[in-house]
């Protein structure tokens with residue numbers, strides 16, 4: 001999940017095969033990896049859980065499932081994929097497609113929605129495994145340029161504009177603590193203290209949560225008030241998850257061709273991102289550039305990790321750039337340390353109390369995180385355009401059209417309340433399945449931008465320098 005700049009390669013303290021001793025040192029270094037990816041990993045279930053109408057207990061289960069899936073996916077990547085110290089975690093690339101699935105199935109309840117999401121993830125994971133292990137990722141790479149990548153990733157963040165401020169606005173004081181804290185910690189205090197450099201979002205959330213907790217205990221916030229911290233799910237949650245809920249906790253997967261095709265846009269964005277991440281982690285680890293075989297194994301392993309996520313009732317995984325930055329910062333490139341982190345994630349995923357505590361975070365605080373975080377995702381996408389010639393009218397028109405249609409076409413399909421524009425699902429007599437596919441893809445901004453960008457960038461003549469692929 002590309003949310004941070006890549007550090008410069010330096011001499012490592014612990015190399016790929018080194019084992020920091022004593023064990024408590026490895027444990028601390030592994031815990032640091034968990035804390036670095038923790039905020040982003042829990043952000044996705046905290047966003048999508050309420051959108052599916054899930055209660056606190058269901059959201060807690062969702063959080064636990066995401067941690068379990070991340071831990072298992074990391075083990076596979078580190079030992080059978082690239083064999084580089086790279087953490088896997090819940091991906092933001094799939095939020096747009098998942099929101100489209102939620103919109104289409106919300107009336108049936110959160111559990112049914114998760115069954116459709118699991119089906120889409122499992123089917124997409126098979127494609128990702130095929131692309132990786134067949135070696136197709138190398139062949140496809142030349143068709144996917146920064147002109148395509150930039151708008152696609154930007155719309156992961158921009159497409160969620162309807163979620164941020166409305167959720168934060170239910171209690172602006174708490175949300176503003178998160179927003180202000182994130183900016184102050186990451187941009188003002190980070191150069192002075194590594195603690196703020198590593199955990200700006202986590203510290204900002206902790207600060208706002210502390211304020212909400214104090215006001216809840218003092219009676220200023222009462223049950224039902226946005227911002228109230230309710231610990232009842234924690235008291236009722238069991239310590240260890242029921243083994244019966246580890247596989248298909250929401251029920252058996254349901255498959256929809258439309259949802260599968262929409263989710264492929266997320267897999268495409270994830271694979272593109274991971275391709276760059278493998279080079280970055282090799283650089284900061286002091287290793288040679290990843291071979292084509294390594295990259296293929298890595299993408300295939302990510303497909304296996306996503307399949308596991310579908311089996312355990314979580315969301316799809318990808319490589320985490322934040323943790324690559326941590327490797328560069330600490331100069332600890334030990335695969336053993338990342339293995340310890342993966343085991344810690346699995347343990348956290350097996351304890352229900354952990355997910356229940358996280359689920360007590362009030363929604364205005366989560367809304368503040370979205371306001372601070374999703375704009376950053378959009379800017380990361382825009383930064384990819386720096387690799388292409390953005391003085392070129394060709395690129396300007398392709399990028400501009402991709403971005404605009406990625407925002408406007410979903411509004412066409414979903415309708416614009418208050419302006420008299422009703423939803424416009426595609427109706428095709430005798431082939432409504434095709435109409436559903438078009439509607440689902442057209443309602444997903446990231447998929448729209450990817451399709452338009454891929455088509456125009458590969459059909460309209462342009463030099464390699466112009467397209468950013470020399």
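Within segment 79-97, does at least one residue satisfy the condition of being in contact (Cβ under 8 Å) with a residue 12 or more places away in the chain, assigned to a helix (DSSP H, G or I) and over 14 Å from residue 315 (Cβ atoms)? The answer is yes; a qualifying residue exists.
Condition check for residue 314 on (1) in a loop (DSSP other than H, G, I, E, B); (2) farther than 25 Å from residue 38 by Cβ; (3) in contact with a helix residue (DSSP H, G or I) (Cβ under 8 Å, 6 or more places away or on another chain): one failure, at (2).
Are any of the residues in segment 413-424 closer than 26 Å to residue 461 by Cα and within 27 Å of the chain's Cα centre (by Cα)? Spell out how you get there, then give the answer.
Applying the first criterion (closer than 26 Å to residue 461 by Cα) to segment 413-424 yields none.
There is no residue in segment 413-424 that is closer than 26 Å to residue 461 by Cα and within 27 Å of the chain's Cα centre (by Cα).
In the list 398, 365, 382, which residue meets the criterion of being surrounded by fewer than 23 Cβ atoms within 10 Å (Cβ to Cβ), touching a residue at least 40 places away in the same chain (Cβ under 8 Å), in contact with a helix residue (DSSP H, G or I) (Cβ under 6 Å, 6 or more places away or on another chain) and in a helix (DSSP H, G or I)?
Numbers: 398 fails: surrounded by fewer than 23 Cβ atoms within 10 Å (Cβ to Cβ); 365 fails: surrounded by fewer than 23 Cβ atoms within 10 Å (Cβ to Cβ).
Every option except 382 fails the conditions.
Name the residue, out of 359, 342, 333, that is at pLDDT 90 or above and over 17 Å from the mean Cα position of the chain (by Cα). Give the steps one after another, and end with the answer.
Numbers: 359 fails: at pLDDT 90 or above; 333 fails: at pLDDT 90 or above.
Of 359, 342, 333, the one residue that is at pLDDT 90 or above and over 17 Å from the mean Cα position of the chain (by Cα) is 342.
Give segment 213-244 a look and list any residue that's surrounded by 16 or more Cβ atoms within 10 Å (Cβ to Cβ) and either in contact with a helix residue (DSSP H, G or I) (Cβ under 6 Å, 6 or more places away or on another chain) or closer than 19 Å to residue 64 by Cβ (or both), or say none.
Of all residues in segment 213-244, those surrounded by 16 or more Cβ atoms within 10 Å (Cβ to Cβ) come to 213, 215-216, 221, 226-229, 233-234, 237, 241.
221, 226, 227, 228, 229, 233, 234, 237, 241 - these are the residues of segment 213-244 that are surrounded by 16 or more Cβ atoms within 10 Å (Cβ to Cβ) and either in contact with a helix residue (DSSP H, G or I) (Cβ under 6 Å, 6 or more places away or on another chain) or closer than 19 Å to residue 64 by Cβ (or both).
Quick check on residue 217: is it free of Cβ contacts under 8 Å to residues at least 24 places away in the same chain and closer than 16 Å to residue 361 by Cα? Here the answer is yes, as residue 217 does meet what is asked. For segment 45-58, a residue qualifies if it is closer than 29 Å to residue 195 by Cα and at pLDDT below 85, and the qualifying residues are 46, 47.
The values are calculated or read from the model by the stated rules, or taken from the named source; none is laboratory data. Quick caveat, the model's predicted, so the values are computed rather than measured. When we count neighbours, we look across all protein chains shown, and the Cβ atoms used for this are built from the backbone with ideal geometry, even at glycine.
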